[in-house]
Amino acid sequence: MIKLINISKIYPPNIAALRKINLHIKPGEFVSIVGQSGTGKTTLVKTLIGEEKVSGGKIIIGGWDITNIGRREVPFLRRQIGVVFQDFKLLDKKTLFENVAFALQVCGQTAKKIRNIVPHVLKIVGLEGKMKRYPYEISGGEQQRVVIARALVHRPKILLADEPTGNLDSINAEEIIELLQKINKFGTTIVLVTHNREAVNRLRKRVITLDKGTVSGDQAVGKYIL
Ligand SMILES: Nc1ncnc2c1ncn2[C@@H]1O[C@H](COP(=O)(O)OP(=O)(O)O)[C@@H](O)[C@H]1O
Ligand SMILES: [Mg+2]
């Protein structure tokens, strides 16, 4: 599903964020990526969605070599990969329904499709009863659920979550991890970047540790050891 071959990323003038990363993530896996701040986790996520170009190596996603992906092809890649970042960027003046619908409108989906898909994904994240609310009328955990719903509108094969629980208390964080597990059970490959030690240890899934831009650990049933 995701193949990284000797990936390196050097930001100007000379900051080596990723150094010869080799990884293979299979369809349906749930992988956690851990590591100290500044070790390249977010850079890795950005290269996977075509937001940053790599300086060397090769990235293959679902058989598609995206190493030199052009700007016009990025939207097609984004339909295969949903992304969730720590800072939930919801539009304040739009309802939850409209926030999720917006992701479909920008790529020209019909109103009929939008009326079908939006309630469906909001139901998956447990918010079907709050579609008409505004972001300020729901909790932080619920806001992050809306972001996850938005990331699911194109039925992505892969969901990348970069510290999705970073701004949440432990109960909300736990619920977000449970939601990611549920999405994984539907068959979506999950890549979770996290600092949440309890979450990683409870998951008992594969854990990849990054250290200064290299893979320093890769365990099938990992523990958070930093
Ligand atoms: N746009 C950028 N320009 C220059 N340096 C960057 C940029 N983004 C990240 N870096 C640097 O690359 C390294 C890895 O950053 P990042 O991928 O954000 O790490 P992490 O997500 O693990 O905290 C850090 O040294 C960071 O300062
Ligand atoms: Mg980061």
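The values are calculated or read from the model by the stated rules, or taken from the named source; none is laboratory data. The structure presented is a predicted model; accordingly, all values stated were derived computationally and were not measured. Neighbour counts are summed over all protein chains in view; Cβ atoms, including those assigned to glycine, are modelled from backbone coordinates with ideal geometry. We work out accessible area using only protein heavy atoms, side chains counted, and drop any ligands, DNA or RNA first. Shrake-Rupley method; radii C 1.70, N 1.55, O 1.52, S 1.80 Å.
Considering segment 209-225 alone, what residues qualify as being closer than 22 Å to residue 15 by Cα and β-branched (Val, Ile, Thr)?
209, 214, 215
Run residue 84 past the list (1) within 15 Å of ligand 1 (Cβ to nearest atom); (2) open to solvent by 10 Å² or more (accessible area, probe 1.4 Å); (3) within 26 Å of residue 127 (Cα to Cα) and report the number of the one that doesn't hold.
(2)
Before we move on, is residue 74 touching a Gly at 6+ places or on another chain (Cβ under 7 Å) and either on the phi < 0 side of the Ramachandran plot or surrounded by 14 or more Cβ atoms within 10 Å (Cβ to Cβ) (or both)?
Taking the combined requirement at face value, the residue satisfies it.
Inside segment 1-60, counting only strands (runs of 3 or more DSSP E) that do not spill past its ends, which hold 1 or more residues that are of a type in the set (A, V, I, L, M) and open to solvent by 10 Å² or more (accessible area, probe 1.4 Å)?
In segment 1-60, 2-11, 15-25 are the strands (runs of 3 or more DSSP E) which contain 1 or more residues that are of a type in the set (A, V, I, L, M) and open to solvent by 10 Å² or more (accessible area, probe 1.4 Å).
Every residue, every condition in (1) at pLDDT 95 or above; (2) farther than 26 Å from residue 51 by Cα, yes or no:
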| residue | (1), (2) |
| --- | --- |
| 160 | yes, no |
| 169 | no, yes |
| 174 | no, yes |
| 178 | yes, yes |
| 186 | no, yes |
| 192 | yes, no |
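Mind listing whichever residues of segment 109-124 are in contact (Cβ under 8 Å) with a residue 12 or more places away in the chain and over 14 Å from residue 99 (Cα atoms)?
124
Which of the residues belonging to segment 73-88 are under 24 Å from residue 166 (Cα atoms) and outside any loop (DSSP other than H, G, I, E, B)?
78, 81, 82, 83, 84, 85
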